[in-house]
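Below: the structure, in structure tokens.
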Amino acid sequence: MKVTIFGTGYVGLVTAGCLAHKNHEVLCYDTDNDRIKKLDNGLVPIFEPGLDNIIAEGIGSGKLLFTSSPQEALRSLDIIILCVGTPDKGSGETSLIAIESCAKTISDISSQSVPVLIKSTVPVGTSVKIQYLINKGLKERKLDIKIPVASNPEFLHEGVAISEFYNPDRIILGTKDQEVIKATIKLYEGLMPESQEILVMSPESSELTKYASNSFLATKISYMNQLSQFCSLVGANIDDVRKGMGPDPDIAPGYLYAGCGFGGSCLPKDINSLIYQAGEKGRDLSILKAVREVNENQKKYLFSIAASLFSNEFKDKKVAIWGLSFKPETDDMRGAPSLTIIKKLLDSGAKVECYDPVVSQDREKFNIQNESLRLGTDPYEVVRDADCLIICTEWNEFKNINYKKLGSLMNRKTILDGRNILFPKEAALNNFEYFDIGRTSINQR
Ligand SMILES: NC(=O)c1ccc[n+]([C@@H]2O[C@H](COP(=O)([O-])OP(=O)(O)OC[C@H]3O[C@@H](n4cnc5c(N)ncnc54)[C@H](O)[C@@H]3O)[C@@H](O)[C@H]2O)c1
């Protein structure tokens with residue numbers, strides 16, 4: 001099929017690369033001209049494992065093209081997929097500026113019937129709204145063509161997005177239009193879930209399924225995080241509790257890992273949006289408000305341990321941070337717990353040096369302007385003379401820690417492990433003070 005994708009971010013590029021790999025002819029359109037120029041030269045602006053390769057393969061085979069011209073993007077095509085951003089306006093309300101601007105571009109320029117799939121995460125009712133805007137635009141142009149809009153939410157996880165695209169656990173389509181259903185089945189040929197079925201439902205149910213799923217995952221994390229603090233008080237180990245819970249298929253093992261809070265571009269934004277959407281209808285999603293509050297507190301937990309270690313006196317203290325991205329195998333810093341911890345440390349007068357395997361390579365991404373903050377390119381270089389090391393992201397390279405080297409460089413041998421990746425006994429054997437999330441009893445500290 002000839003596929004046009006609006007938006008070349010994490011979702012747009014993964015979708016584009018994978019569809020081109022499956023022999024579709026994919027044309028990506030973005031309003032960010034610099035991004036398109038880079039992509040045209042084979043430079044992928046984001047880090048996602050395997051993405052460079054499939055983009056290069058697509059460009060090489062001629063199956064994947066990029067354009068900043070909406071006319072070219074809409075010239076001749078079988079399906080449009082919208083993958084533009086839907087950020088939080090700050091109040092929880094979702095900004096629909098980008099998705100509405102896509103609707104305007106499509107209705108102003110298109111001259112043929114073509115289905116539109118909305119992959120962006122959008123509030124319930126958005127597909128219907130976008131359909132209305134497109135129909136209105138076409139009517140004004142007195143064009144008798146059909147551009148049906150359907151919801152087709154994306155469930156990929158950054159870091160494993162490509163393998164998930166090839167092996168999805170479900171594909172959801174919100175539409176009643178038989179032509180759209182047919183086109184979507186053709187689009188995903190060879191990319192179907194194990195059931196070999198697309199779950200077709202109303203646009204509203206489809207849109208809500210995405211928010212309901214992300215909010216549920218966030219709920220699992222906050223539940224474990226809150227339990228982890230209780231574990232530390234009663235001598236239980238949250239990791240053992242997790243292992244004991246996960247085998248129950250009604251619980252499932254994913255998202256049960258306690259840590260220093262969840263972040264990313266999706267979970268925090270989607271919870272806020274769902275709370276806001278329910279509030280608009282006079283409903284209080286108190287359960288999600290609690291999830292959000294637990295997460296905000298959890299992001300401050302490691303700082304509070306550091307504060308008690310230093311008796312709230314951070315002047316002349318240096319803290320090293322390992323890991324900046326909100327999770328490993330991505331460079332995405334949106335909503336990352338590291339940002340909360342760094343801000344609190346800087347506000348308290350500490351000097352902070354950070355290292356991240358990917359973010360360190362691209363200093364522009366890390367935009368905190370503060371002379372007490374340094375971004376290093378070597379994990380051991382940033383711990384020199386540090387009074388404390390805080391691990392914020394579970395990158396593999398941190399798991400093979402060289403305690404001897406670390407100990408010889410640090411001023412005070414203290415580790416706050418926000419992702420439970422080290423072994424408490426090993427840290428103790430190497431004479432480190434070690435604190436984690438719910439595995440070490442407070443009495444042992
Ligand atoms: N990142 C994820 O892991 C993930 C997973 C599932 C769903 N989603 C959802 O998918 C959507 C996109 O997320 P993302 O992380 O890829 O966003 P992103 O911010 O990385 O990329 C969005 C892209 O859209 C472009 N854009 C904005 N307005 C445009 C327009 N009018 N026409 C064409 N391009 C335009 C931007 O320039 C940018 O390149 C969001 O709704 C998000 O919630 C994201």
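The values are calculated or read from the model by the stated rules, or taken from the named source; none is laboratory data. Quantities reported herein were computed from a predicted structural model and do not represent experimental measurements. Positions of Cβ are generated from backbone atoms using ideal geometry, with glycine treated the same way; all protein chains shown enter the neighbour counts. What goes into the accessible areas is simple: the full protein's heavy atoms, side chains included, and nothing from ligands, DNA or RNA. Shrake-Rupley method; radii C 1.70, N 1.55, O 1.52, S 1.80 Å.
With an a/c value of 1.5 or above and a/b not larger than b/c for the gyration tensor axes a ≥ b ≥ c computed over the alpha-carbon atoms, the stretch 264-304 is described as oblate. Taking 0.890 mPa s as the viscosity and 25 °C as the temperature, the Stokes-Einstein diffusion coefficient of the stretch 302-346 based on its alpha-carbon Kirkwood radius rounds to 213 µm²/s. What residue among 176, 89, 281 has the largest mean-square fluctuation in a Gaussian network model of the chain, using Cα springs under 10 Å? Between 176, 89, 281, it is 281 that shows the largest mean-square fluctuation. Once you divide the Cα radius of gyration of the stretch 230-304 by 2.2 N^0.38 Å, the number left is 1.32. For a test of the definition: using alpha carbon positions, the gyration tensor, and the 1.5 limit on a/c, classify the stretch 1-154 as rounded, prolate or oblate. It comes out oblate by the Cα gyration axes.
Helix 97-109 and the longest principal axis of the Cα set of the chain meet at an angle near 20°. Heavy-atom accessible surface of the chain, averaged per residue, reaches 46 Å², computed with a 1.4 Å probe. At 1.4 Å probe size, with the rest of the protein present, what percent of the exposed accessible area of the stretch 330-397 is carbon and sulfur atoms? Here it works out to 40 percent.
DSSP beta bridges fully contained in the chain are about 5 percent antiparallel.
Ligands, DNA and RNA left out, the accessible area of the stretch 248-307 computed with a 1.4 Å probe is 56% carbon and sulfur. Counting charges near residue 122 (Lys, Arg +1; Asp, Glu -1) among other residues having Cβ under 15 Å from its Cβ returns a value of -3.
Rolled with a 1.4 Å probe across the full set of protein chains, the surface gives residue 311 an accessible area near 100 Å². Of the heavy-atom accessible surface of the stretch 115-213 (probe 1.4 angstrom), what whole percent is carbon and sulfur? The nonpolar share, carbon plus sulfur, comes to 55 percent.
The angle separating the long axis of helix 267-280 from the principal Cα axis of greatest extent in the chain is about 60 degrees.
Across the stretch 63-122, Cα pairs under 8 Å and at least six residues apart give a relative contact order of 46 percent.
Distance between the C-alpha centres of the stretch 385-412 and the stretch 123-148: 55 Å, rounded to the whole angstrom. Roughly what angle does helix 51-61 make with the longest principal axis of the chain, taking Cα atoms, 0 to 90 degrees, to the nearest 10? Once rounded, one gets 30 degrees. With equal scatterers on the alpha carbons only and no solvent term, can you work out the Debye log10 of I(q)/I(0) for the chain at 0.12 1/Å? The Cα Debye sum returns log10 ratios of -1.05.
Electrostatic bookkeeping for residue 377 treats Lys and Arg as +1 and Asp and Glu as -1; over the other residues with beta carbon under 15 Å from its beta carbon, the sum is -4. Of interest is the spacing of the C-alpha centroids, which for the stretch 275-300 and the stretch 341-357 amounts to 28 Å.
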